[in-house]
Structures are given as C-alpha cells and as structure tokens.
Amino acid sequence: MSRALDLVCIGRAAVDLYGEQIGATLQDVSSFARYLGGSPANTAVGCARLGLKPAMLTRVGDEQNGEFVRNELARAGVDVSHVIADPQHLTALVFLAIRDETSFPLLFYRDHCADMALTADDIDEALIASASAVLISGTHLSRASTRAACRKAIAVAAAAGTRVVLDIDFRPVLWGLRPLGDGATRYVESAAVTETLREILPLCDLVVGTEEEFAIAGGSAVAARAIDGVRRNSRAVLVVKRGAAGCTIHAPGAPEMEVGGFAIEVFNVLGAGDAFMAGFLSGWLRGRPLAECGTRANACGALVVSRHGCAPAMPTRAELDHFLAHGSPTPRLREDARLNHLHWVGTRDVVPARLAVLAFDHRVQFEALADEHRAPASRIVEFKRLIARGARRALERYPGHSAAGGVIVDDRYGESLLPQLDDRFWVARPVESPGARPLAFEGGENVHALLRRWPRQHVAKCLVAFDPDDAPPMRTAQIEAMTELAAACRATDRELLLEIVLPAEPADGEVDRRLCAALREIAAAGVLPDWWKLPAPADAAAWRTLAATVAELDPHCRGVLVLGQDAPLADLAPRVAEAARHSVCRGFAVGRTIFGDAARAWFAGRIDDVAVVEQIASRYGTLIELLFGSGDRAEAAAVVPAHVDSAQ
C-alpha cells in the first residue's frame, strides 16, 4: 500500500564531535568536526539519500545545537515536522575519535538530554499511520518514559498496518551498565535488558543487530543459542550484522542465508551499522528479495566504514548503484575519485533554479580608484556597503526573485558585510590573488587554511586567466594550483566556482573554442568545479556547444554563470537575455556593469550615497528582469535537486 512516508525513525538525535587527528586518543585530539549523529537520525539520513521518504520523531534542545540537528536532517531530505524543540533539555553530544582500525573511543554526553525526554504524548498517531514502517531504537527502551513512547508507537503501527523495525542498538553505557566514560564497550550481559527486549520482539517485523546485540536480545553469548532465543520469541526477519563477513539473514520458515561482505579497508566503524540499516530498508521497504537487501546493506556499510563521520558519510543512491555495478579500483574507498564525486554531488545543498549574482569582490580596481582620488581604504569599505544596500533594494522590488539573489564579496574590503548578507543571499568569496598568473592565492596563504575559516555554505570563487595555447610550464602551474584548490574545497565541504577567462583576446577571434578547450584540459586533470563562471558565448550555436561540453565533462555540474567583463549595460543586456534561453546557464555574476559608473562618480564626489544605491538597484534589477523575464516570478524561488540522478 502506498503511503506518504516510507519510514518514521524514533529515538536518538545528537551532535557528533569527531576528532580530526587520526590515530589520537580523545584526550590528545586537538580539533573536532561537528556532524549530525544518533543512530536513528543517521539511518533517517541514509534512507533519504537512497530515495526513501523518512521522517524523524524525536526531541532536540531549543537551542543552536538543536537547530543544527534539525537543519542537517532537513538538508538531507528528512521530514522534520515532528522534531520537537524542548526548552527544558539540551541536545545530546557525543565525542568520538579514530585511534586505529579496531579502537574508536567515544564519550556520550546524554544526561537529561532532549531526545530521552520523549514521551508517549509526543507520538503522533497520524504520522505513524502515514508510514510504511516505524523504526524503534533499542536505546529508547532503556527508560520507562521513552519505552512507553516506543510501546505507543508500536501499538499505533499495529492498528494501522505499519510494520515495526527494531534496531537493537545496544550501548551498555546508555543502560547504566558501564561507567560513564566507557562508551566504546558493546556487550555486557544483563538479564534486565534481555527481558526488556523480549517484551518488544514479538511485536516486530524486522530486527537488526550485531552478534553482540543478538546475544543480549537472545540471552546467550553463544550466537546460535541467541538466535534460537530470539526466534522463539519473534516471527520477524532477523538480520545479523557481521562486519567484514557481511550479514546473516534468518527469515521465518526459510534456511539461514549468508550474504557476503566487501573487501575494503576499515577506516572508521562508527556509523556503518546505521548505513547498513538504511541500505537494507532501501530494499526491504520496496519488496526486494532478502539477498538483495543484504547486499545493499553490506555495500552501504562498506562505504561508510571507509570514511570519516557517520551521517555525512551515508551514501547516495547513485553512489550505491555505481559501487554495486562497478566496485572500486581501491580497497581504500575514501580515495576512489569517482565514488567521492558521486557522493559530493549527491549531498550538496539545493539551490535556486537560477541565480542573479552581484559580484563586487574587486580589489585592485577599487584600490586604483581610491588612489586616483587620494581616498583611504575605508572609503572602499563604505562603497561596498552601498553596493550591498543597492542589491537588497533591487530584491525588495522583485520579491518573487529574492530567493535567487547572490553576491560575490571579498575578505579584504567586504568581510564586515558578510554577516548581513549570508542569511539572505547565495554567497561566494574569492580566493585568487588578483592578477596573479600563474594562479596564486590571496595573501600567499595556504588555501585549505583559508577555507577552513569560512562558513560551510560560502562558495569558493576563483578567477583563472587560462589559455590552452599557453606554454606547458604555465598550464601545468595553473592546473596544479586549481587541483590544490579543488582538494581544499572537498576537504572543507565547500562548493567551487571556477571563473575562466582568456588572458588576452585571441588573434583568431575564436574565444568560444579556446574556452571550451580550456574547460576540457582543466577537467581532464580531475578538477570538476560545481560551477563555471564564463563570458557569454557569441550566439545560440556557441551556447549549444558549451552546453554539450559541460555535460560531457561532468553531467552533475550545476551549470554556468555569465560574467559581465565591465561591458556597458546596453551591450550586456541582450547577452543575458540570450543566456536565459539555455538551460546550462544558471544565471549571471556581474559586477562593474552594475556599479562601475556609480563608483567612478562617487569617488569623484559627483553623486551621493542615495544616488549610488538607486543606480545599483536599477541596473541590477534590469538584469534580474532579463534573466527571469516579466512573467512568472515564482520561477526564481524554485529549487533544483543537488544533482541529476538518472536512477530517479
């Protein structure tokens, strides 16, 4: 029966703080990466990435960590309408480290945490009935109040014909069986825990756990006896996770089924079980054969066990399909460029269908203008504030387009503007040292260190004067710098906007041919930016050639933003109008055409602030109208998927 949701996940939702120094103990870790965590929350993300429609039912703190958890779930495509903000409790935290291939220290900070404040009153009967299945986490059976909530969800599911999935999820420390500092221990014998699980097992349709978890559920440390103990108490499909060996499936009335694993290098086992669950459910909830479900589960576990983090490492459907069809040339899956690219493009944020970007990251041009008029650098900052005001004014006049507004702002003179802009605009920031050829980075800084200081949602923009007919040493140096930048962007989960211009007008006049050749050479080196920023092609035929080139190099590329190159508005306007006719064009990123005349007049003292803001708003607005047309303004606020998945 078709239902609105495939799955409702109930239970833990937390913030994972992952040590970034591999091989260190927790006490020696010096920096942490923040991720979404909690077994049911991880599984919800994994299911969403595999094309299912999951919802999360939990509590988080009514504070910024709680908002982070909610946002990360929603960003992955999870329904968060029943993620309750609890003003009386804080969001749970977990500290984790990767010591070696067998040691993964972790500390749970869950005393009186928000998700354990879940009550039976929080269980929405309509939500449970709208789903094909409900997932119960074993940790939420550890206390009377959360156990009551789970029991109510199971009762509602039974009445609605919703299947019940139990993730045994046994953490002895969370049952009070180990000292608070011992979060890593996976098994402690406990008759009380076994009895609690025995009350739930008869009510389940699918039970998933490790060998240690089935030992606690079945009341025996001997694997076969444990399975027999669970089977006597349940008619569910039982799935035993066995790590690198794969899994064993015990279906009622059927022989035991062994499903082999994948030969890959283990980097981090944390979160692999949640990925396994998501992979299994992606088949089971679609009625696939159990052997196929097991294979999908093993593959998802293999992909996550090879990466840093839990929720962020969950594979996408395209990534899983590619791995199942082609495997990998290396057992170190985190070094598989193809898989990594599929993972990246499948987990990016959604963005407006088209972007109207006002680029005012110019530095040397403003410095020259200020020098000409003997103005201090503070005047550059003042003028950039006026540009920002003009941008906001234009979008106020076109409210249907406001979601599609963007800016490119530099750190040197525009950094103070960023807190005022990034909650309303798509934001990119330049990394190149202006005029440097071969490419060098701003201030000569290590680009990875630079990007780590930025908010994750800020896009790295890089202008490169690249000519495919340059001498080999120049092209090599340029590509090496772009490769370094691309790696830094991936390491910091950041999109890359690569602006390519020719260093000089070619004598043969074949700008479009040269630019396509440049794109090919850059992509052949493994640099696949999320966006290209390019001069507008000469005509419709050149646009079609460019579109074919971009699609050939990377079908997951977001597309092209047209630049202005200080062209007069009257000359640029028809080019923007033509660009809007081609789907590969995702908008414009124009600067001096919009603010150049105003800047020259303002620095010379010929116009005041009010006139600057009005002129910028008018010119920016003109290009917005040309990009989106005067018809259906709702088009601007539409979003497109983070990637094009041919399997969907």
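Some values worked out for this structure:
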quantity: Residue within the stretch 181-195 that is under 26 Å from residue 2 (Cβ atoms), surrounded by 15 or more Cβ atoms within 10 Å (Cβ to Cβ) and either hydroxyl-bearing (Ser, Thr, Tyr) or touching a strand residue (DSSP E or B) at 6+ places or on another chain (Cβ under 7 Å) (or both) present; calculated: no
quantity: Flag for residue 102 being free of Cβ contacts under 8 Å to residues at least 24 places away in the same chain and not in a helix (DSSP H, G or I); calculated: yes
quantity: Residue 60 out of contact with any Cys (no Cβ under 7 Å at 6 or more places or on another chain), hydrophobic (A, V, I, L, M, F, W, C), under 22 Å from residue 150 (Cβ atoms) and modelled with pLDDT of 95 or more; calculated: yes
quantity: Where residue 2 falls short, out of the listed (1) among the small types (Gly, Ala, Ser); (2) modelled with pLDDT under 95; (3) in contact with a helix residue (DSSP H, G or I) (Cβ under 9 Å, 6 or more places away or on another chain); calculated: (3)
quantity: Residue match in the stretch 80-99 (condition: at pLDDT below 95 and of a type in the set (D, E, K, R)); calculated: yes
quantity: Test: residue in the stretch 530-545 that is on the phi > 0 side of the Ramachandran plot, surrounded by 18 or more Cβ atoms within 10 Å (Cβ to Cβ) and modelled with pLDDT of 95 or more; calculated: no
quantity: Pairs, first farther than 20 Å from residue 153 by Cα in the stretch 178-205, second of a type in the set (Gly, Ala, Ser), C-beta under 6 Å, six or more apart; calculated: 194/219
quantity: Test: residue 47 is in a helix (DSSP H, G or I) and in contact with a strand residue (DSSP E or B) (Cβ under 6 Å, 6 or more places away or on another chain); calculated: yes
quantity: Of all residues in the stretch 63-83 being aliphatic (A, V, I, L, M) and buried (at least 17 other Cβ atoms within 10 Å of the Cβ), the one that is nearest to residue 36 (Cα to Cα); calculated: 69
quantity: Elements of type strands (runs of 3 or more DSSP E) in the stretch 418-523, at least 2 residues being over 22 Å from residue 354 (Cα atoms); calculated: 459-465
quantity: Checking residue 33 against (1) at pLDDT below 95; (2) assigned to a strand (DSSP E or B); (3) over 23 Å from residue 315 (Cβ atoms); (4) among the hydrophobic types (A, V, I, L, M, F, W, C), the condition it does not meet; calculated: (3)
quantity: Every pair of residues 6+ apart whose Cβ atoms lie under 7 Å, when the first sits in the stretch 368-391 and is under 19 Å from residue 402 (Cα atoms) while the second is part of a loop (DSSP other than H, G, I, E, B); calculated: 387/360
quantity: Filter result for the condition that a residue is modelled with pLDDT of 95 or more, of a type outside the set (S, T, N, Q) and surrounded by 24 or more Cβ atoms within 10 Å (Cβ to Cβ), over 160, 131, 144, 155; calculated: 131
quantity: Residues that are in a loop (DSSP other than H, G, I, E, B) and in contact (Cβ under 8 Å) with a residue 60 or more places away in the chain, drawn from the stretch 127-161; calculated: 130, 161
quantity: Only listed residue being assigned by TED's automatic domain parsing to the domain that holds residue 140 and more than 35 Å from the chain's Cα centre (by Cα), chosen from 242, 163, 186, 225; calculated: 225
quantity: Selection status of residue 207, surrounded by 15 or more Cβ atoms within 10 Å (Cβ to Cβ) and closer than 17 Å to residue 247 by Cα; calculated: yes
quantity: Selection status of residue 638, under 30 Å from the mean Cα position of the chain (by Cα) and at pLDDT 95 or above; calculated: no
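Results for (1) surrounded by fewer than 17 Cβ atoms within 10 Å (Cβ to Cβ); (2) modelled with pLDDT of 95 or more, shown as yes or no for each residue.
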{"residue": "470", "(1), (2)": "no, no"}
{"residue": "497", "(1), (2)": "no, yes"}
{"residue": "503", "(1), (2)": "yes, no"}
{"residue": "513", "(1), (2)": "yes, no"}
{"residue": "520", "(1), (2)": "yes, yes"}
{"residue": "525", "(1), (2)": "yes, yes"}
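For every residue, the table says whether it meets (1) within 17 Å of residue 32 (Cα to Cα); (2) of a type in the set (Asp, Glu); (3) surrounded by fewer than 17 Cβ atoms within 10 Å (Cβ to Cβ).
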| residue | (1), (2), (3) |
| --- | --- |
| 91 | no, no, no |
| 95 | yes, no, no |
| 103 | no, no, yes |
| 109 | yes, no, yes |
| 114 | no, no, no |
| 118 | no, no, no |
| 126 | no, no, yes |
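For (1) farther than 19 Å from residue 6 by Cβ; (2) buried (at least 20 other Cβ atoms within 10 Å of the Cβ); (3) among the basic types (Lys, Arg), each residue gets a yes or a no:
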residue	(1), (2), (3)
268	yes, yes, no
281	no, yes, no
290	no, no, no
293	no, yes, no
303	yes, yes, no
307	yes, yes, yes
313	yes, yes, no
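Yes/no per residue for (1) among the acidic types (Asp, Glu); (2) touching a residue at least 40 places away in the same chain (Cβ under 8 Å):
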site: 439; (1), (2): no, yes
site: 451; (1), (2): no, yes
site: 470; (1), (2): yes, no
site: 474; (1), (2): no, no
site: 481; (1), (2): no, yes
site: 494; (1), (2): no, yes
site: 498; (1), (2): no, no
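The values are calculated or read from the model by the stated rules, or taken from the named source; none is laboratory data. All values derive from a computational prediction rather than experimental measurement. Methodologically, a virtual Cβ is constructed for each residue, glycine included, from the backbone with ideal geometry; neighbour enumeration extends over all protein chains shown.
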